[in-house]
Amino acid sequence: MALDVNSNHPAIPHKNFTILSLAISQTINWAGLFYVFPALLIFWEADLGWSRVEITGALTLAIVMSGLGSPICGKLIDLGRGPLMMTACILLGSLGLFGLSVVDGIFGFYFFWALIGISFSGCLYDPCFALITRSQGRDAKHSITLITIVAGFAGTLSFPCAYFLADALGWREAVRIFSLFVPIASAPIAWIATRQLEKYRHEESLTAHPVMKIRSGLISPMFLCLGIGFAFLAIVHGAALHHFLPLVKERSIPAGTAVFAVSLIGPMQVVGRLILSFLKNRITHHAISMSSFLIMGTSMLLLLGVSSAPELVFLFVMMFGGGYGLVSIIRPVIARDILGETNFGVNYGVLTLIYMMGSAVSPFLGSLIWEFGGYDLLLYWLMVFAIFGVSLYVVSYSIAKRRHPFTQD
């Protein structure tokens, strides 16, 4: 049996194949369960007769349900039930998709998106990264980077497939096809790969640095500052992303240019992750976290200048997409650095809950600020939120350094 060169524990056989399999599964999950919403939004508006506010409220509900389910999924990961949990959530999300294909009323639409939202909590990035971090410890960053690089193209897969299927066959048939494709293509891969991770879990010493009991840990300044700090970053990302098209339209950017620009955000996330992969041994986890806050906050300045210099919209996309590309990689890793390994699954599940609440309120909060003072005011507030976020993160990191000094590589 092979051993990990950095420990006395068994190495995962065919590790690269296992991680690549998870990357493919994540790409399918994101494409079929999450990006299908914005891809089919215009078809739902045209066919169902509901307002955009009513329709998008279903996605907010899904995100809320995902956040509420995250601590439960985290606990299941801690109990060693991660593989079963992830596979079951993929099947649940597929069932929700099939249900969508037959709904006619707003209640059914919301109900099935609530089911899909619950599935988010167990089959998208956060549970996947928690499983990898639980399995590989501090070596998880490289595997997480690979997965996010591959899955970064989920939107590129989802948008054209969903659009052309819906255009040719109708949106209901398109959703039914997705509801069959996701479980057939993703569930078996996820089951096999996550079982490998759990079987060869890296059992590092839980006494490496003292960690609080779970109940006291969840109300500690260190935990709360970390969670709320990244929640502010979720608000910055969600508000800017959801309001990007009306914002640049207000600044007289042609519609074709705006759509092309927003389509580049996903690839720019991949570019950011590739750069991070190249610099993996040259930059600390703390520096990556700081960079994600500062880059995304600074990118808001570029949108303020788009009216006089339209080309800045592409520089914004590069910074915004690249900066956010770092976030999904570094959140579970820096959480482990700061909070330690004890009860990591449930701790990270609660962090995810806080983060998802930020994502859920971001479109609505952006609309409120816009109604009060326009998009310039919104951009100023997003910069303020980024400053709040990085300040809280620094407080959390400083407390952790005093309690248990750790190295970051």
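The values are calculated or read from the model by the stated rules, or taken from the named source; none is laboratory data. The model shown is predicted, which means the values in this text are computed figures rather than measured ones. We place every Cβ from the backbone using ideal geometry, glycine too, and count neighbours over all the protein chains shown.
Does the range 252-283 hold any residues that are among the small types (G, A, S) and assigned to a helix (DSSP H, G or I), and which are they?
Within the range 252-283, A255, G256, A258, A261, S263, G266, G272, S277 qualify.
Would you pick out the residues in the range 50-95 that are over 20 Å from the mean Cα position of the chain (by Cα) and modelled with pLDDT of 90 or more?
R81, L84, L95
Which one of these does N343 not meet: (1) at positive phi; (2) crowded, with 23+ Cβ neighbours inside 10 Å; (3) of a type outside the set (A, V, I, L, M)?
(2)
Given the conditions (1) modelled with pLDDT of 80 or more; (2) within 19 Å of the chain's Cα centre (by Cα), and given that I338 satisfies all but one, which numbered condition is not satisfied?
The number of the failed condition is (2).
Within the range 137-162, can you find the residues that are surrounded by 18 or more Cβ atoms within 10 Å (Cβ to Cβ) and not in a helix (DSSP H, G or I)?
G152
Which condition breaks for N16 when tested against (1) crowded, with 21+ Cβ neighbours inside 10 Å; (2) at pLDDT below 95; (3) of a type in the set (S, T, N, Q); (4) closer than 18 Å to I132 by Cβ?
Against the list (1) crowded, with 21+ Cβ neighbours inside 10 Å; (2) at pLDDT below 95; (3) of a type in the set (S, T, N, Q); (4) closer than 18 Å to I132 by Cβ, N16 comes up short only on (1).
Which one of the conditions (1) more than 24 Å from T284 (Cα to Cα); (2) crowded, with 24+ Cβ neighbours inside 10 Å; (3) not acidic (D, E) does S367 fail to meet, given that it meets all the rest?
(2)
Does the range 118-144 hold any residues that are under 13 Å from the mean Cα position of the chain (by Cα) and of a type outside the set (D, E, K, R), and which are they?
F120, S121, G122, C123, L124, Y125, P127, C128, F129, A130, I144, listed by residue number.
Being of a type in the set (A, V, I, L, M) and surrounded by fewer than 19 Cβ atoms within 10 Å (Cβ to Cβ): is that true of L79 here?
Yes; evaluated as a whole, the condition is true for this residue.
Rundown of residues vs (1) part of a loop (DSSP other than H, G, I, E, B); (2) of a type in the set (A, V, I, L, M); (3) outside the structural domain of V333 (by TED's automatic domain parsing); (4) in contact (Cβ under 8 Å) with a residue 60 or more places away in the chain, yes/no style:
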{"position": "W44", "(1), (2), (3), (4)": "no, no, yes, yes"}
{"position": "W50", "(1), (2), (3), (4)": "yes, no, yes, no"}
{"position": "V53", "(1), (2), (3), (4)": "no, yes, yes, no"}
{"position": "M65", "(1), (2), (3), (4)": "no, yes, yes, no"}
{"position": "L68", "(1), (2), (3), (4)": "no, yes, yes, yes"}
{"position": "L92", "(1), (2), (3), (4)": "no, yes, yes, no"}
{"position": "L115", "(1), (2), (3), (4)": "no, yes, yes, no"}
{"position": "A130", "(1), (2), (3), (4)": "no, yes, yes, yes"}
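Kindly establish whether P83 is in contact with a Gly (Cβ under 9 Å, 6 or more places away or on another chain), over 24 Å from L48 (Cα atoms) and in a helix (DSSP H, G or I).
no
Go through the range 287-305 residue by residue and tally those that are touching a helix residue (DSSP H, G or I) at 6+ places or on another chain (Cβ under 6 Å) and in contact (Cβ under 8 Å) with a residue 12 or more places away in the chain.
12
Name the single residue, out of those in the range 27-49 being modelled with pLDDT of 80 or more and among the β-branched types (V, I, T), that is nearest to the chain's Cα centre (by Cα).
Only one residue fits best here, namely T27.
Check whether at least one residue in the range 199-214 is more than 21 Å from the chain's Cα centre (by Cα), at pLDDT below 90 and in a helix (DSSP H, G or I), and report yes or no.
The answer is yes; a qualifying residue exists.
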